[in-house]
Amino acid sequence: MPSSRMKRKWKAKWIGRKDILIDWRGKVLPAPFFRKVFEYREKIKDAKVYICGIGYYELYINGKKVSDNVLNPVVSCYDKRVRYVVHDVKNYIIKGKNVIGVILGNGLYNSNTPEVWHFDKATWRDYPKLLFELEINGKVTVFSDKSWKVKNGPIIFDGLRNGEFYDGRMELNGWLNFDFDDSNWENVNVVPPPGGILEEQLMPPCKVMETLHPVKKWALPNGDIVFDFGQNFAGWVRIVCSGEKGREVIIKYAERIKEDGDISQEKISCCILGGEFQTDKYILKGDKEETWEPRFTYHGFRYVKIKKDINIELKKVEGRVVYTSFEKIGNFVSSNEILNKLQHCTEWSYKSNFVGIPTDCPHREKNGWTGDAHLACETGLYNFNSSKAYQTWIDNFIDVQRPSGQIPGIVPTSGWGYNWGNGPAWDSAFLLIPWYIYLYTGDKTAIEKNYEGMKKYVDYLTYMADNNIIHFGLGDWLSVDLKTAPSISLISTSYYYVDCILLSKFAEIVGKKRDKIKYKKLAEKIKYSFNKTFYKGDGIYENGGQTALGCALYQGLVENYEKEKVVLKLVESIKLNNFKVNFGFLGAKFVPNALSENGYVDIAYKLITQTEYPGWGYWVKNGATTLWETWDGRASLNHIALGDISAWMYKYLGGILPDPEKPGFKHIIIKPNPVCDLKWVICEHICKFGKILSKWERSEEKFVLEVEIPKNTTATIILPDLTTRNVKDGFYKFICQFKNQQK
Ligand code: BGC
């Protein structure tokens, strides 16, 4: 991807339909098609397009779609920051006459959909607009100005949170030929820019990453057909059909089916207050065979229901899997099928929840919930090369942060989420995600870029604190049993502490010595107040629930001399609960990690793999193909917030751990744990130096480990018998005596 980090000087102007200037009423209008013909007479050595079309754009040159990107650019707070994309178009431009075509979608820029977060009332909202420059041989040759033409086309409706309606009869046949007669097209207007700074998008774009075929289909009594893709995912379907002109196909997307075989959208449609939910419509143009898929929306689903006229022949229905096109850089398989299925579910929930930005779920909300994002971030960085995408998203935090330092629960936001849905446990994504990026890739850009904002955030928490205790925010969201969930104060204060520790580390990285000491000291005070307020003695924090204990341990708040007691209480409470989980979003990260860091990987393993309600294994037993939002499956079936378990498998079963002192796996720690009935693991992660492999197998008395350590790195290998080896790059095999000690 070409990059131009310097601020670009634009010759182009923002253009749009005339409605923008004379008639803003937020009308629902078809997607605009833009056109520009130009002639180029010289040899083409190099050609690049710089384009920003918001909400989304599709670019064509001489009839060919430029790149296989979809849903570009990534959503942002458009009045603060807009992303432009650079395309290499050398192979698209010809000597002679050329035609450029651009279609714009509404996306989150012009959201028509009334919903509970009010994106339809966003102050940035306006009709779609376009900024375009074509640079040939280093010179801006064509750019958006009033000479362009525009017309409404066949996309008669597109709403990110509703769906897309396409009327094939309205296609603008030939519009991508240079000699097309566009005399009845409107001239565009030069329009006000969206307002935000223009920055190049330097993350991998969204793409159709895979095409799935239905595994089953059935007809309903009224003739509608339901297709099952066998997998919950984000994207849409592509249909191939034929039939009479003007006939309609209606596609509805869902992740559940009712007992009578019909689809059910009830549990995911509650936040959308107007228009259709997860619905696409296609009106046939009457060709022999028509292939169609939407462009400017996406859905979360496993099933689709297709309603069509009897005389339409539906020849094919394919599932188009869409997400940010990062590479897969991790792999985990083991002898335990429950774990393997959970790994599968996590990967799919992660992909479904990264369509441009990290989201909570791909259907009901599609929101950049900050808490969900940081909870799943380590899982993301082990499995996918997603650090650039996270960095792009984190930039938005600066845009949404109030001068007071406050951060909303969803990013981007139209203004919703400052007074509910946020708080330290969610907002700390602002510090945690840059930290994880640093830890797993060694890249400190997000830390350097956002340091002042992070500091402002921590100072805001200090302002809100009462004797170092924070009393607001979300707690252990969707906890199994509210009676045993910890107080919001315990949770929020623990994040306040972690934020101070991180800020102090970041201060060192950016060379702010005074801040380093200041926040370290503040952290110590918070720790003292935390223990004074919440520690009841005897290994018990607050009500002694799994999350309270896990939180105190994992967040680093337990005094060393009390640690063993707290760990034992946690182990005891899990055993007493028959290895069933008793926590929500936050506990799901704290508890397995707290146990494993303190020598109880086996207890965490049992907790994660048992198949009774409530627990992860229960989902697998019930046929989950993605992770659920709640333990009982009452809400969304494709949420990533409980998805840290994959990172846990890498860390504690494969045993591939980064070393915070030498981040980015410059130094690697390999510490596999052959616990309980686990017989073998193959775990690999491709860091920036190359592949790290930890592959082990054990019998009753022998443990065999094979490792691969990439060039320019070193590693410390800790075997189950606790012997330690220090190695540098290469392949190694270690064998040690092994006795399975069940605790
Ligand atoms: C979202 C969550 C989110 C939560 C916070 C929900 O509606 O789906 O994943 O973190 O709200 O309040």
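Just a few scattered comments:
- Basic side chains Lys and Arg get +1 at the Cβ, acidic Asp and Glu get -1 at the Cβ, and with that the dipole of the stretch 83-150 about its Cα centre reaches some 300 debye.
- Of the GluC sites (Glu not before Pro) found in the stretch 1-107, the ones in coil according to DSSP and having at most 12 other Cβ atoms within 10 Å of their Cβ are E42.
- Between the C-alpha center of the stretch 564-583 and that of the stretch 628-672 there is a gap of 20 Å.
- Low-density loop cleavage sites - GluC sites (Glu not before Pro) in the stretch 592-645, where at most 16 other Cβ are within 10 Å (DSSP): E612
- Inter-centroid distance (Cα atoms) of the stretch 167-243 relative to the stretch 524-544, Å: 55
- Divide the volume of the convex hull around the Cα atoms of the stretch 508-602 by the residue count and you get 112 Å³ per residue.
- Against the chain, whose longest principal axis comes from its Cα atoms, helix 387-400 is set at around 80 degrees.
- Angle in degrees between helix 445-464 and the longest Cα principal axis of the chain, rounded to the nearest 10: 70
- Charge dipole magnitude, Cβ of K and R +1, D and E -1 - the chain, Cα centre, debye nearest 20: 1860
- Rough spin-label spacing in nm, given labels placed 7 Å along Cα→Cβ, for E244 and K532: 8.2
- Among the lysines of the stretch 311-379, pairs that are 8 or more positions apart or on different chains and have alpha carbons within less than 18 Å of each other number 4.
- Its residues counted as N, the chain yields a C-alpha radius of gyration over 2.2 N^0.38 Å of 1.00.
- Cleavage-rule hits, GluC sites (Glu not before Pro), the stretch 546-584, DSSP coil, Cβ neighbours within 10 Å at most 13: E559
- For the chain, the longest principal axis of the alpha carbon atoms and the long axis of helix 513-534 meet at an angle near 60°.
- Radius 10 Å from Cβ of T113, net charge of other residues (Lys, Arg +1; Asp, Glu -1): -2
- When the charge dipole of the chain is built from unit charges on Cβ atoms (+1 for Lys and Arg, -1 for Asp and Glu) and taken about the Cα centre, the candidate among H118, T611, I509 whose Cα reaches farthest toward its positive end is I509.
- The stretch 372-436 and the stretch 90-159 have Cα centres spaced 28 Å apart.
- Using a Förster distance of 35 Å, the FRET efficiency for R8-D287 (Cβ separation, nearest 0.05): 0.25
- Considering only alpha-carbon pairs that sit under 8 angstrom and 6 or more positions apart, the relative contact order computed for the stretch 1-101 is 40 percent.
- For the chain, adding -39500 (n - 2.57) for each run of n ≥ 4 DSSP H residues and dividing by the number of residues yields -7500 deg cm²/dmol at 222 nm.
No lab work stands behind these numbers, since they all come straight from the coordinates. The shown structure was predicted, so the numbers you read here are calculated from the model rather than taken from an experiment. Here Cβ is always computed from backbone atoms with ideal geometry, including for glycine, and neighbour counts include all displayed protein chains.
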